[in-house]
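Here is the structure we will look at.
The values are calculated or read from the model by the stated rules, or taken from the named source; none is laboratory data. On a predicted model such as this, the values are computed, not experimentally measured, just so you know. Reconstructed Cβ throughout: ideal geometry from the backbone, glycine too, with neighbour counts over all protein chains shown. Quick note on the areas: whole protein, heavy atoms, side chains included, nothing else; ligands and nucleic acids left out. Shrake-Rupley method; radii C 1.70, N 1.55, O 1.52, S 1.80 Å.
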Amino acid sequence: MCNSDKSRREAFTALGGALGVGLLSIPADGAEVAALAITCIDYRLVDDAVKFFGAHKLTNDYDQVSLAGAALAAVSDKFPSSNTAFWDHVGIAIQLHHVKKVIVVDHRDCGAYKVAFGKDYKADAAGETAQHTGVMHQVKAKLAKTHPELTAEFYLMGLDDKADRIL
Ligand SMILES: [Zn+2]
């Protein structure tokens with residue numbers, strides 16, 4: 001490691017301490033992107049998510065984090081390390097690329113929701129929507145408290161790739 005790498009790392013660490021965050025802090029790299037996209041990891045919707053963000057005119061204009069459950073990852077006590085990753089990455093995307101918006105895309109038939117709530121909503125689309133809506137309200141409230149400068153959009157995508165805006 002050369003000296004400049006070391007001093008840069010030390011600067012990041014110092015900045016992290018100053019900001020009161022537990023991870024290294026990242027200086028802005030000069031780029032600005034419109035949004036931070038947060039999706040589930042589910043393999044069935046990876047390509048659909050790319051199309052979804054493209055349809056929202058965000059191609060190459062968003063950072064992305066994929067965590068099991070998407071919105072659920074932010075608040076479920078079943079996934080504490082995902083809670084940390086979710087909020088850390090909101091902070092990183094703001095620092096690095098000055099994102100102004102967070103877009104969270106949940107999906108139906110989500111394995112993480114089944115784990116967290118112990119219920120399979122295959123035959124109850126309305127109940128499933130209500131479940132996601134409740135979680136999204138929690139995330140939206142926490143975002144408003146921790147990052148009031150951000151706007152937020154929440155969607156629920158079906159396995160047919162159609163997404164409804166929930167909040
Ligand atoms: Zn999922």
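A few remarks follow.
- Only a single item in (1) of a type outside the set (Lys, Arg); (2) within 11 Å of the ligand (Cβ to nearest atom); (3) at negative phi is not met by Thr84, and it is number (2).
- Pairs where the first residue, in the range 51-74, is on the phi > 0 side of the Ramachandran plot and in contact (Cβ under 8 Å) with a residue 12 or more places away in the chain and the second is open to solvent by 30 Å² or more (accessible area, probe 1.4 Å) and not in a loop (DSSP other than H, G, I, E, B), C-beta under 9 Å, 6+ apart: Gly69/Gly111; Gly69/Val115
- Qualifying residue in the range 87-99 (condition: over 19 Å from Asp29 (Cβ atoms), open to solvent by less than 50 Å² (accessible area, probe 1.4 Å) and under 10 Å from the mean Cα position of the chain (by Cα)): yes
- One residue from Ala130, Ala116, Ala123, Ala141 being at pLDDT below 95, small (Gly, Ala, Ser) and over 13 Å from the mean Cα position of the chain (by Cα): Ala123
- Any hit, the range 102-124, residues being away from the ligand (no atom under 13 Å from the Cβ) and open to solvent by less than 20 Å² (accessible area, probe 1.4 Å): yes
- Number of the exception - Ser76 against (1) more than 13 Å from the ligand (Cβ to nearest atom); (2) over 18 Å from Met157 (Cα atoms): (1)
- Residues of the range 26-73 that turn out to be more than 16 Å from the ligand (Cβ to nearest atom) and polar (S, T, N, Q), as a count: 2
- Meets criteria (open to solvent by 70 Å² or more (accessible area, probe 1.4 Å), aliphatic (A, V, I, L, M) and modelled with pLDDT of 95 or more) for Ile41: yes
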